1. Mind counting the residues in segment 211-239 that are touching a Ser or Thr at 6+ places or on another chain (Cβ under 9 Å) and either surrounded by 24 or more Cβ atoms within 10 Å (Cβ to Cβ) or farther than 20 Å from ALA64 by Cβ (or both)?
2. Filter segment 289-302 down to the residues that are part of a helix (DSSP H, G or I) and over 16 Å from the mean Cα position of the chain (by Cα), then identify the one that is farthest from GLU74 (Cα to Cα).
3. Taking into account only those residues within segment 287-313 that are among the polar types (S, T, N, Q) and under 21 Å from GLY132 (Cβ atoms), which is most open to solvent (accessible area, probe 1.4 Å)?
4. Yes or no: segment 253-269 includes at least one residue that is within 26 Å of ALA211 (Cα to Cα) and crowded, with 21+ Cβ neighbours inside 10 Å.
5. Sort through GLY132, GLY200, GLY160, GLY140 and tell me the only one that's over 18 Å from the mean Cα position of the chain (by Cα) and closer than 24 Å to ALA237 by Cα.
6. Would you mind telling me which numbered condition in (1) touching a residue at least 24 places away in the same chain (Cβ under 8 Å); (2) in contact with a Phe, Trp or Tyr (Cβ under 9 Å, 6 or more places away or on another chain); (3) under 22 Å from ALA306 (Cβ atoms) PHE263 fails?
7. Within segment 184-210, track down each residue that is open to solvent by less than 50 Å² (accessible area, probe 1.4 Å) and over 20 Å from ALA299 (Cβ atoms).
8. Yes or no: GLY158 touching an Asp or Glu at 6+ places or on another chain (Cβ under 8 Å) and either surrounded by fewer than 19 Cβ atoms within 10 Å (Cβ to Cβ) or free of Cβ contacts under 8 Å to residues at least 12 places away in the same chain (or both)?
Amino acid sequence: MKLRKYAALTLALALLAGCGPKTPAPTPTPAPTPTVEATPTPEPTETPSLEHDEKVRVGMLKGATGLGAAKLMEDKKDSETMEFSLMAEPTEAVAALTKGEVDMAALPTNLAATLYHKLDGGVQILALNTYGVLYILERGDALKRLTDLRGKTVHAFGQGANPEYVLNYLLEKNGLKPGEDVTVQWHPSTDEVSALLAAGEIDYAMLPVPAATAAILQGEGVRLAIDLTQEWKDAGANGVLTMGCVVARTEFVKQSPEAVEQFLKDYEASIAFMADPDNLEEAAALAETHGIIPKAAVAQKALPDANLCFVTGDDMMTGIQGYYQVLFKADPASIGGSIPDEAFYYLPQNG
C-alpha cells in the first residue's frame, strides 16, 4: 500500500475524549383514528439507531501518540458510529483491548507486539502514527552529537520500554557503553525529570515530546540538543524508529472490515490536518480541547517535533520490522519474546 507520511510539525500530548451519548428521539404520538369503530393503534415506527456495540470504540492515549487523532475526535464528538476514550497510560489501553471494551487503541509499538503474542494473535496493527519523539535536552549549548555525552549523566524516563532500548542502541552505535561511558539515571515519570531540569538541578535529560516541550518552556536555557530520530537515521540503523501505532482486535477486523477501512480513511485525514503547519493554532487548540495535551501553548510548540505519520500496509510492515529486530536483540521480552509474523499486520489485499 502507499506510504503516506506527514512531516512532524507540532506536538503536545494526551488522548481522545469519548463521544457524548445521543439523546433519544421522542416517541411519536399516534394519529387519532377517523372511524367510529375501534381500530388497533399501530405500533410507532422507531427511527433506526446504532447499538453501542455497533459503534467503533477507540482508545486514544494522551501525549504524542494521540495527537494525530484530535481532529477526528472533534469531527466525531456527536457521532453515532464512533466513540473515543482518552487514556493516560498504555496499560489502560491494553486492559480495554483485552476485555473487549474498545475495538481499537493507540499503543507504543513495542507494546503492540507484546500484546499480539500475549493474546495469541488477538490484535493486529493497523497503522503507524508516530515516528521517534525522543530528544536529548541540555541546559546550555555544549552537546552537538551523542559522543559529547561521554562522561556525563543523562536523566530519563522509560526504563524497560522503547526509550531505554533506543538510547542504549544509539549510544552503542556511537561507541559508548551505557553505564560506563554514559550514566543513565532512570526516573518514574517524565514530570519528575522535567521538574529537575526546570529547577536547574540537572543539565542533561532524555524526554519525549510533549514532555520535552514543556521542559523547555519551564526551564531557562533548556534546549533540544539531539534528535534521536535523526541519530537513528545517521547511524544507519535497521528499519524506521517508530514509537506509536494503532491496533485493533483481530475479531473486530474480521467482523467489521468496512468500519476499519473507514476509520483508517478518517484517521489519515485527521493526521494530515494536525501535521499541517497552516493548521498549527487550530490543531493545538483541539489537542487541549480533547485532553491530549493540557495546554494549547505547549501543543503548539510540540507539534512540529511530534513526527506524526500515517503508514499502512506493506510499507508499515517493512518499515517497522527492522526496528523490532533492534528491540529483540536488546531484549526479546521487549516485544513479547519474538518478532511478530505477517499475521500481525493489517494487509487488506491479503484478505
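1. Residues meeting the conditions: 4.
2. So, considering only residues that are part of a helix (DSSP H, G or I) and over 16 Å from the mean Cα position of the chain (by Cα), the one farthest from GLU74 (Cα to Cα) is LYS301.
3. My answer is GLN300.
4. yes
5. Only one candidate qualifies: GLY160.
6. (2)
7. Selection gives VAL184, TRP186, HIS187, LEU196, GLY200, ILE202, TYR204, ALA205, MET206.
8. no
The values are calculated or read from the model by the stated rules, or taken from the named source; none is laboratory data. All figures in this text were calculated on a predicted structure; none of them were measured in a lab. With ideal geometry, Cβ positions are generated from the backbone for all residues, glycine too; neighbour counts draw on all protein chains shown. Remember, those area values only see protein heavy atoms, side chains included, never the ligands or the DNA or RNA. Shrake-Rupley method; radii C 1.70, N 1.55, O 1.52, S 1.80 Å.
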